[in-house]
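For reference, the structure is listed below as structure tokens.
The values are calculated or read from the model by the stated rules, or taken from the named source; none is laboratory data. This is a predicted model, so every value here is computed, not measured. Neighbour counts run over all protein chains shown; Cβ positions are idealised from the backbone, glycine included. These accessible areas exclude ligands, DNA and RNA; they are computed on the full protein's heavy atoms, side chains included. Shrake-Rupley method; radii C 1.70, N 1.55, O 1.52, S 1.80 Å.
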Amino acid sequence: DRKRRLEKTVTDIQRRIGLRAIGRSTDVIAPSVIPTGFPELDAALGIGGLPRGRISEIVGVPTSGAATLALKTVAQAQARNGTANGAAVYIDIAQTFDPDYAHRCGVDPHNLMLVHPYNTQQGIAMLPDFIANGGFDLLVFDMPLHPLLEPDRQQQLSSALGRLLAPLNRSDCVLLFVTSLPPDSDPSRGNNPLPDAYPRHLALPHYASLRLLIRRARWLYQREDVRGYEADVLLLKNRLGKAGGEVRIAITFNGTVRGDAV
């Protein structure tokens with residue numbers, strides 16, 4: 001009787017939350033991922049990329065490389081989708097998406113669902129529908145930080161994320177937040193690498209399984225021309241691997257945007 005009750009409990013939990021939510025220790029397998037397009041970073045994550053069925057976050061100031069890292073991940077999702085249709089959705093809150101730059105990052109813009117909400121509130125409200133009904137491999141939520149300084153938006157995002165965990169876990173979708181810090185903020189390299197501009201009570205860091213902070217380290221020159229830049233990626237949080245490490249990547253421009261490990 002005890003064994004049957006336990007099996008029924010496990011089955012009920014798996015039905016509500018997903019098969020990956022509970023299992024025997026001998027059944028643990030490597031999580032399914034979408035690579036970032038930067039092999040050195042994928043290796044440092046310990047699992048080979050961004051985990052499916054979970055929330056990830058990339059934090060950085062504009063031009064730090066956060067958007068490039070997101071777009072290279074979109075390109076990887078499209079490449080692994082067989083047909084690119086339905087591979088990725090890009091919710092562009094600030095409407096800064098550049099199709100030409102995305103194409104140079106390897107993205108096929110014609111097969112990317114680009115969403116332009118009127119405001120952050122509307123964008124957050126869309127998330128449950130996309131996760132529950134979309135069937136996408138990757139959902140990118142590109143948002144500026146300043147609207148989330150409002151307590152109402154923080155509460156709305158917290159409620160939405162709480163409702164998303166179960167359907168997201170049952171899916172093969174990566175939910176990736178790209179959080180743009182204020183341009184004048186300066187992420188430090190001390191015990192608290194995030195600037196004070198990041199809201200202390202925002203729920204996103206709690207719900208995210210993986211959090212990356214990216215900082216531009218230096219420009220790369222070829223003679224007098226800028227040919228790219230190096231960026232440091234700090235693993236702020238990594239529930240499926242080792243956190244606290246730092247990886248330097250190179251983003252080079254040569255007609256395309258190419259990612260290299262350095």
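Proximity of backbone amide H atoms, modeled 1.01 Å from N, is registered between Val115 and Tyr90, Ile91, Asp92 at under 5 Å, excluding neighbours fewer than 5 places apart on the same chain. Helix 66-79 and the longest principal axis of the C-alpha atoms of the chain enclose an angle of approximately 60°. Taking R0 as 41 Å, what FRET efficiency do you get between Asn133 and Trp219 from their Cβ-Cβ distance, rounded to the nearest 0.05? According to the calculation, E is roughly 0.40.
Just the number: Rg to Rh for segment 61-174, Cα atoms, Kirkwood Rh, two decimals. Spell out each step's value before the answer.
On the way: Rg = 14.1 Å, Rh = 14.7 Å.
A ratio of 0.96.
Within the shell of other residues whose beta carbon sits under 13 angstrom from the beta carbon of Asp1, the net charge comes to +4, with Lys and Arg scored +1 and Asp and Glu -1.
Between the Cα long axis of helix 120-133 and the first principal axis of the chain there is an angle of about 50°, rounded to the nearest 10.
When Met143, Met113, Met126 are compared by accessible area at a 1.4 angstrom probe, the order from most to least is Met113, Met126, Met143.
One chain, two ends: Lys8 and Asp184. Fully extended at 0.36 nm per residue, the span grows by 57.9 nm beyond their Cα-Cα distance. Over all pairs of different C-alpha atoms in the chain, the reciprocal of the mean inverse distance, the Kirkwood hydrodynamic radius, equals 19.2 Å.
Mind running the shape call on segment 85-238? Use the C-alpha gyration tensor, a ≥ b ≥ c as the square roots of the eigenvalues: rounded below 1.5 for a/c, prolate if a/b tops b/c, oblate otherwise. The shape class here is oblate. Calculated translational diffusion coefficient of segment 200-245 (20 °C, 1.002 mPa s; Stokes-Einstein with Kirkwood radius over alpha-carbon pairs) equals 169 µm²/s.
Give me the angle, in degrees from 0 to 90, between the Cα long axis of helix 2-17 and the longest principal axis of the Cα atoms of the chain, rounded to the nearest 10. Long axis of 2-17 versus the principal axis of the chain: about 40 degrees. Accessible surface ranking for Lys237, Lys8, 1.4 angstrom probe, highest first: Lys8, Lys237. Candidate cross-link partners of Lys72 among the lysines, defined by an alpha-carbon separation under 21 Å and a same-chain spacing of 8 or more, comprise Lys237.
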